[in-house]
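Colleague: First, the structure itself, so that you have it in front of you.
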Amino acid sequence: MAERPILFNGAMVRAILGGRKTQTRRAMKPQPVSRPHAPEEHWVWDRGARAMIGVEDFLQGPDPSVPGCFCPFGQPGDRLWVRETWMDLTGTGIGHWDTATGRPMRYAYGAESPPGSASDEARKDFGLKWRPSIHMPREACRLVLEITGVRVERLQAISDSDALAEGIEELNGRYSHNGGSCKCRTPASSFHELWTSTGGDWDSNPWVWVIEFKRIDSPQGVR
């Protein structure tokens with residue numbers, strides 16, 4: 001079993017905590033390319049085999065006998081530890097307790113203090129600053145995910161059911177990826193908005209890794 005870090009923004013962390021998010025899509029790097037003599041076939045360069053491997057091999061799921069079919073985020077059974085916006089409260093004099101257990105906690109998380117919330121305003125009053133997710137150490141992680149499935153598909157092939165598994169939320173017959181600030185008619189169209197809001201290129205319809213996962217409890221940092 002391997003373990004790797006993965007980044008999520010606050011809205012997606014809240015979706016994982018709420019049990020709504022069980023999938024994530026990440027663009028393949030490098031993207032598969034078409035061969036001039038067979039434009040209908042798409043290929044991806046495999047460094048280990050030093051050859052072009054058909055994307056259709058990827059679509060069958062991970063197979064150790066097929067070179068290049070391994071997702072860089074891992075395979076079923078591997079784990080991902082979530083990096084999110086965070087803060088170390090050591091030495092600040094600020095008390096923070098786990099709402100579920102009542103334990104005093106060393107770390108605070110931006111997902112629990114959305115911009116404009118009372119807790120975020122209190123943070124500003126004390127001059128505390130959030131630290132970017134990319135700098136989160138493993139010891140501060142509170143969310144560990146076990147990969148249950150990996151496949152490859154085109155981004156725009158996402159179904160409404162898969163969009164809901166990406167954390168899209170239904171609110172009074174509309175669908176939102178950010179708690180209601182942006183509402184769409186379908187889950188897939190809301191995922192479209194989510195993808196572009198994080199800087200992704202929807203129109204190019206890239207090949208993406210589809211990573212399915214389940215949450216594994218991980219203890220937060222106790223004082």
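Colleague: Restricting attention to region 157-167, and to residues there that are touching a Phe, Trp or Tyr at 6+ places or on another chain (Cβ under 7 Å) and either touching a residue at least 40 places away in the same chain (Cβ under 8 Å) or of a type in the set (F, W, Y) (or both), which single residue is farthest from I16 (Cα to Cα)?
Modeller: Going through region 157-167, the residues touching a Phe, Trp or Tyr at 6+ places or on another chain (Cβ under 7 Å) turn out to be 158, 163, 166.
Remaining after also requiring either touching a residue at least 40 places away in the same chain (Cβ under 8 Å) or of a type in the set (F, W, Y) (or both): 158, 166.
Details: I158: 19, E166: 9 Å.
By that ranking, first place goes to I158.
Colleague: Out of all the residues in region 129-145, which are assigned to a loop (DSSP other than H, G, I, E, B) and aliphatic (A, V, I, L, M)? Don't jump to the end; show me each part of the working.
Modeller: Step one: of region 129-145, the residues assigned to a loop (DSSP other than H, G, I, E, B) are 129-130, 132, 136-137, 141-142.
Within region 129-145, M136 is the sole residue that qualifies.
Colleague: So for region 74-93 (the condition being at pLDDT below 75, in a loop (DSSP other than H, G, I, E, B), over 23 Å from the mean Cα position of the chain (by Cα) and not β-branched (V, I, T)), does at least one residue qualify? I'd like the intermediate steps shown before the answer.
Modeller: Filtering region 74-93 for residues at pLDDT below 75 gives none.
No, because not a single residue in region 74-93 is at pLDDT below 75, in a loop (DSSP other than H, G, I, E, B), over 23 Å from the mean Cα position of the chain (by Cα) and not β-branched (V, I, T).
Colleague: Counting just the residues of region 192-213 that are in contact with a His (Cβ under 7 Å, 6 or more places away or on another chain) and closer than 18 Å to V13 by Cα, which one comes out most open to solvent (accessible area, probe 1.4 Å)? Write out each step before concluding.
Modeller: First, the residues of region 192-213 that are in contact with a His (Cβ under 7 Å, 6 or more places away or on another chain): 193-194, 202.
From the residues that got through so far, the ones that are closer than 18 Å to V13 by Cα too are 193-194.
Values: E193: 77, L194: 14 Å².
Ranking the candidates gives E193 first.
Colleague: Give me the residue from region 97-116 that is of a type in the set (F, W, Y) and farther than 11 Å from E84 by Cα and, out of that set, modelled with the highest pLDDT. Steps first, answer last, please.
Modeller: If we filter region 97-116 for residues that are of a type in the set (F, W, Y), which is where we start, we get 97, 107, 109.
Of the ones still in play, those that are also farther than 11 Å from E84 by Cα are 97, 107.
Working: W97: 81, Y107: 93.
Per the criteria, the residue is Y107.
Colleague: Another one. Scanning region 146-191 for residues that are small (G, A, S) and assigned to a loop (DSSP other than H, G, I, E, B), which turns out least open to solvent (accessible area, probe 1.4 Å)? Walk me through how you get there before you give the answer.
Modeller: Let us first name the residues in region 146-191 that are small (G, A, S), namely 149, 157, 159, 161, 163, 165, 167, 173, 176, 179-181, 188-190.
Keeping just the survivors that are assigned to a loop (DSSP other than H, G, I, E, B) gives 159, 167, 173, 179-181.
Numbers: S159: 44, G167: 2, G173: 45, G179: 61, G180: 22, S181: 107 Å².
Out of the qualifying residues, it is G167.
The values are calculated or read from the model by the stated rules, or taken from the named source; none is laboratory data. Quick caveat: nothing in here was measured; it's all calculated off a predicted structure. All Cβ positions, even for glycine, are placed from backbone atoms using ideal geometry, and neighbour counts span all protein chains on display. Please note that ligands, DNA and RNA were not included when accessible areas were found on the heavy atoms of the full protein model with its side chains. Shrake-Rupley method; radii C 1.70, N 1.55, O 1.52, S 1.80 Å.
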